[in-house]
Structure formats: structure tokens, C-alpha cells
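The values are calculated or read from the model by the stated rules, or taken from the named source; none is laboratory data. Not measured: the values here are computed from a predicted model. Counting neighbours? That spans all protein chains shown, and the Cβs are built from the backbone with ideal geometry, glycine included. These area figures cover heavy atoms from the full protein model, side chains too; ligands, DNA and RNA do not enter into them. Shrake-Rupley method; radii C 1.70, N 1.55, O 1.52, S 1.80 Å.
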Amino acid sequence: MATARFASQKRVALRGSERQPFHPESVRTLLAQEQPQAAEEPITVSVVLAPKQPIDPHVRMTREEFDQKHCADPEADETVRAFAQEFGLQVEAAHGKGRRTLHLTGSHEAMERAFGVTLQAHEVQGRAVRVREGAIMVPEELAGQVVAVLGLDNRPQARPHFRVIKPRAGDVSYTPMQVAQMYGFPVDAKATGQTIGLIELGGGFKLADITAYFASIGVPAPSVTTVSVDKGKNTPGDANGADGEVMLDIEVSAAVAPGSKVAVYFAPNTDQGFIDAISTAVHDGTHKPSVVSISWGGPESNWTGQAMTALDQACQAAAALGVTITAASGDDGSTDGVSGGGNHVDFPASSPHVLACGGTKLVGSGTSITSEVVWNELSANEGATGGGVSTIFPLPSWQAKSNVPKSPASGGGRGVPDVAGDADPATGYTVRVDGQTTTIGGTSAVAPLWAGLIALANAANRHDAGFVNPALYGATAAFRDITSGNNDGFKAGPGWDACTGLGSPQGAKVIAALAKGSSSTKK
């Protein structure tokens, strides 16, 4: 019999892995999205290992250089494989050494023994959910080598940040190109050679809808490819559910960046699926997206520390590889929908390694803007832009002169959002979902809008912009400063604010600013 190397070791809590007691009501609204039922045995978890060397997001490198420098330490890899073997778990490495992820698969009982947890089954609205409480307990030898163990708990993690219009007198809607024209995107600009990655945690699209929509707006339909992550699939079926998110992302990003290709990364709506999807997109050497748009998220308080660390490290990798990530800042004002109120920001928008996108109410005529204020329709129960100050991530150097309010927690300080764009569903985007033409808003529309603009910049400047935040904070003249309105917790004013960030884009000036702010890299 093999020596019980790990079973005999002292167990320690994996840092940041604590889960609060499960309350079914906390996931009811999330289960309304296309959340698949919990898989039967066996269970597959993602074990994220620490990088061999810390990642510097300001240093650009090729994929090969990144894999060599920031892969997992070989000794840590061997240790986890030996641990898995002792507990009867099968091991498969995620594609790409730079991802530092091992997938361990085994029975319910084997997972409980290996990670010192008790897994519980719950049924919420007819959906099976597997949860755990407390910390993951790992052998002492693993504690400093593992960043996160994801997938033991598969409760839904995020919600899509879109709002379908409830028609009222005075509402207007625009095609994505009309919004782009008002924001001064260069006329006839193309994003040929660029691929936009979209992270989707539910729903799906129909190619017939994409073909019909782009024909109706006079723009060539993009080539759209699906990538399955953790068995996630393109599953259209609910026009009022996550399908609206998927189609909004595709139609807005590709319409404002004609000539681009789109890669849609479908994953389950869990912390494991979310992180694996971003990591897959960032390290995708086949489709090579130069910009990744994320329209899903949740309050920082709803995430475990280990999941936030692992996801932020994936965003750091994106920065080092020259991949820009845009993320919606949320649609529930300064509270981010947290019961009991208070100011909260949305993650992953609060990661300092993404471009956080807030929302405005845009009124215009032709190519001219008549008025633009902070999006806040909370009085009509129609949402408002998310924004505030992180309690987790410190103030980045590039925000040091932005007068970001003090964080309510020591160690926090990163201000959200960075930029803004039209998000009010009352001035929303005309899109097609499951054969129906409708109007959708939300900060979910702003993340793909900015992703499309960055794709245009990459094509025009002939290099990938990568981590854009330092360059944009140094180019305030490239923005329309939004000085009117609030998101309940914060007010807009001159310069950066916690409602609309630096403001909405002046497209051509943003492209020019990004021409100066980064250098080329091969991927």
C-alpha cells in the first residue's frame, strides 16, 4: 500500500476559500438565467496554481514567453498530481501552461476526503445546486502552492447586466452604429483582422438572427465562433433571459467594429465556469482575441477571496499578453443590488486590470448629442449605473490623481467605473433576439461598445492596445465629461466620478490616445 503522504499531514484552511451558509433565496434570481442543473457524479474541480514568478501586467510578452515565465512551478504541479493520485482523483491539465490550472475529477466522496469539505445538495426552483460551507481544508504541503480550488460548490455566481425596455412615452432607441456616430467613431473604420471575445454564462444565439440583424442594419455579418468551456454550450431558448445578453454583446460589438470576428466563450454560471472562461479566452492561441468583453458580474461581497484572486490573475495575464478586457459595472446603482443597501461595487469590473464600463442616458439627433447624463432610472425600477469604490482592490497608480473617494474598507480604494457609454434602456439599443426586435440597455451594452472601439483602435494603430487604463487616464481630452446626475450613492462632477468614470468616448480621440499608449507584441 502506498504511503499516505497527504492524508497524514496537518490540514489548513485554503486562504480565501470560506463560504457563508447557503440561503436558497440568494440565488433565485440568478437561477432565472440559463443555469444548467448540477452535474451528477463525477465532479470536476479546477485547481489554480500560483505562478512561478509574479505577473507584471505592465510588461508585454508573447504567449510563449508568458508560458515560460509565469507557468506553475513544476514542483507544485507534481505535488498536486501526487495529492490527486492518493485520493483517487484523475488529473488533466488545462490547455496552455500559462493558465496554471489542473482539472481534478472524482466522486463526491473522494472530493470530500481530498478537500476536507461536506458537500450538500439543494433544489431551488427545480434546479439542483451543490454547495459547501466554511473553508476548503488542504494538506499543509499544498497550502502555499494553490491559489484556488473551484467547482466543489456550483451555485450560480453572476448575473448579466442588461435591461429589456418596458415601453414608456418618450423612449427612443438607436442602432449601435447611431450610437457610434454620436460618439465620434471614425466613419467607415474597419476592424479587419481583429477578434472580439465574449464571455457568456448562459443563453445562446441563432445564426439566422445574426444574419437577419446585420442585413437589416446594412453591415456585413461577422464570423461567429463558439468555444465550449467546462461543458458550457450555445443554448438559445429564452428571449427574455440570457439570450438577450448574448445577442446584445454580439450585435453591439460587431456592428460598431465591422470586419471583426467574434469568439463566444460559453461556460456554466459558477465561479469555476466564469474564471475558466476568462482564462481560456485570454490564452486562446487559436482565435487570439485582442479584446474580451464581459457583461456578467456580481457584488464583491458575493465572491470568495480565492475566486477573486484567481480571476484577477487571469486579467493580469491578459494585460501582459496585450489583451484588453472590458467589464460592465452593474445595473443597480451604487448598492449593486445588495440587500440592506450600502455602497458596493461589482466584480470583475472592480479588478484594477480591466476597463470598467458605466452607463449614461444618451439623447441625440443624427450624429449630434443633445444631452447626456448619468443613467439612473431607479425611481421607475429601471436600474442605474453601478459605481463606487472597491473594498478589496487598492487604488491603482493611474487613478491616484482622480480624487477617488476613500474606500469603506482598509486595503480597498480602486474606483469604479473607468469609462461610460449609453446604457439607459429608455435610450437603448435596437437588437434582435430569438426572432424578435427589441430595445435593450444596461451596462452590458457599454462593455461590448468599448470592446468594439478598442478593436477599431487595434486595427487602425496596427498593434493591440492591451492594458488601456494608464493611457486613457492620461488622455482626459478623449472623453465627454458627464457632470450631471447620480447613481444614488455618488454624484457626477467635473473629471472622474464614481458614476461615469472619465466619461463617454470621443471615438477618434480614444483611438489616437491608444496609438501612443502601448507597443506591439506578437501572440
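Name the single residue that is farthest from Val264 (Cα to Cα) among those in the range 210-220 being touching a residue at least 12 places away in the same chain (Cβ under 8 Å) and among the aliphatic types (A, V, I, L, M).
For the range 210-220, the residue satisfying everything is Ile217.
Condition check: at pLDDT 95 or above, closer than 25 Å to Ala380 by Cα and either small (Gly, Ala, Ser) or surrounded by fewer than 24 Cβ atoms within 10 Å (Cβ to Cβ) (or both). Does Ser253 satisfy that?
no
Go through Gly415, Gly388 for me and flag whichever is at positive phi, in contact with a Phe, Trp or Tyr (Cβ under 9 Å, 6 or more places away or on another chain) and surrounded by 24 or more Cβ atoms within 10 Å (Cβ to Cβ).
After ruling out the rest, the residue left standing is Gly388.
Considering each residue of the range 95-106, count those that are buried (at least 19 other Cβ atoms within 10 Å of the Cβ), in a loop (DSSP other than H, G, I, E, B) and touching a residue at least 60 places away in the same chain (Cβ under 8 Å), and give that number.
Number satisfying all stated conditions: 1.
Please verify whether Pro186 is in contact with a strand residue (DSSP E or B) (Cβ under 8 Å, 6 or more places away or on another chain), modelled with pLDDT of 95 or more and under 30 Å from Gly359 (Cβ atoms), treating the condition exactly as stated.
no
Within the range 21-41, does at least one residue satisfy the condition of being outside any helix (DSSP H, G or I), modelled with pLDDT of 95 or more and either under 29 Å from Gly232 (Cα atoms) or more than 23 Å from the chain's Cα centre (by Cα) (or both)?
No: zero hits.
Looking at the range 150-172, is at least one residue modelled with pLDDT under 95, part of a loop (DSSP other than H, G, I, E, B), within 25 Å of the chain's Cα centre (by Cα) and of a type in the set (Val, Ile, Thr)?
There is at least one residue in the range 150-172 that is modelled with pLDDT under 95, part of a loop (DSSP other than H, G, I, E, B), within 25 Å of the chain's Cα centre (by Cα) and of a type in the set (Val, Ile, Thr).
Which of the numbered conditions does Cys357 fail, given that it passes all the others? Conditions: (1) in contact (Cβ under 8 Å) with a residue 40 or more places away in the chain; (2) more than 15 Å from Thr385 (Cβ to Cβ).
Of the numbered conditions (1) in contact (Cβ under 8 Å) with a residue 40 or more places away in the chain; (2) more than 15 Å from Thr385 (Cβ to Cβ), the odd one out for Cys357 is (2).
Residue check: is Ala110 more than 26 Å from the chain's Cα centre (by Cα), over 30 Å from Thr324 (Cα atoms) and in a helix (DSSP H, G or I)?
Criteria met by Ala110.
Just name the residue that is farthest from Gly383 (Cα to Cα) out of those in the range 333-345 that are buried (at least 21 other Cβ atoms within 10 Å of the Cβ) and without any contact (Cβ under 8 Å) to a residue 60 or more places away in the chain.
His344
Select from the range 107-135 the residues that are open to solvent by less than 50 Å² (accessible area, probe 1.4 Å) and either more than 25 Å from Gln20 (Cα to Cα) or touching a Phe, Trp or Tyr at 6+ places or on another chain (Cβ under 7 Å) (or both) and list them in ascending order.
Correct list: Ala110, Ala114, Val131.
For residues in the range 150-170 being open to solvent by 20 Å² or more (accessible area, probe 1.4 Å) and charged (D, E, K, R), which is farthest from Ala445 (Cα to Cα)?
Arg155
Among the residues of the range 136-149, what is the count of those that are closer than 15 Å to Leu119 by Cα and open to solvent by less than 10 Å² (accessible area, probe 1.4 Å)?
2
I'm checking my understanding of the structure. Among residues of the range 293-307 that are open to solvent by 10 Å² or more (accessible area, probe 1.4 Å) and in contact with a strand residue (DSSP E or B) (Cβ under 6 Å, 6 or more places away or on another chain), which one is nearest to Leu456 (Cα to Cα)?
Glu300
Hey, can you tell me all the residues within the range 415-441 that are closer than 19 Å to Ala492 by Cβ, part of a strand (DSSP E or B) and touching a Leu at 6+ places or on another chain (Cβ under 6 Å)?
Val419, Gly421, Asp422, Thr427
Being under 18 Å from Val446 (Cβ atoms) and of a type in the set (Asp, Glu) is the filter here; which residues of the range 234-275 pass it?
Within the range 234-275, Glu245, Asp249, Glu251 meet the criteria.
In the range 395-426, what count of residues is obtained for those that are more than 28 Å from Lys509 (Cα to Cα) and either of a type in the set (A, V, I, L, M) or touching a residue at least 12 places away in the same chain (Cβ under 8 Å) (or both)?
Within the range 395-426, residues that are more than 28 Å from Lys509 (Cα to Cα) and either of a type in the set (A, V, I, L, M) or touching a residue at least 12 places away in the same chain (Cβ under 8 Å) (or both) number 7.
Could you grab me the full set of residues in the range 70-85 that are surrounded by 17 or more Cβ atoms within 10 Å (Cβ to Cβ) and either of a type in the set (Lys, Arg) or in a helix (DSSP H, G or I) (or both)?
Selection gives His70, Ala76, Asp77, Thr79, Val80, Phe83, Ala84.
Could you grab the pairs with beta carbons closer than 8 Å, sequence gap of 6+ or different chains, first residue in the range 188-209 and surrounded by 22 or more Cβ atoms within 10 Å (Cβ to Cβ), second one part of a strand (DSSP E or B) and hydroxyl-bearing (Ser, Thr, Tyr)?
That search, which allows pairs on different chains as well, returns Ile196/Ser293; Gly197/Tyr265; Gly197/Ser293; Leu198/Tyr265; Leu198/Ser293; Ile199/Tyr265; Ile199/Ser293; Glu200/Tyr265.
Anything in the range 53-67 that is assigned to a helix (DSSP H, G or I) and either in contact (Cβ under 8 Å) with a residue 12 or more places away in the chain or touching a strand residue (DSSP E or B) at 6+ places or on another chain (Cβ under 8 Å) (or both)? List them, or say none.
Listed by number, the residues that qualify are Arg63, Phe66, Asp67.
Gly203 - would you say it is among the small types (Gly, Ala, Ser) and at pLDDT 95 or above?
When the stated conditions are applied, Gly203 passes them.
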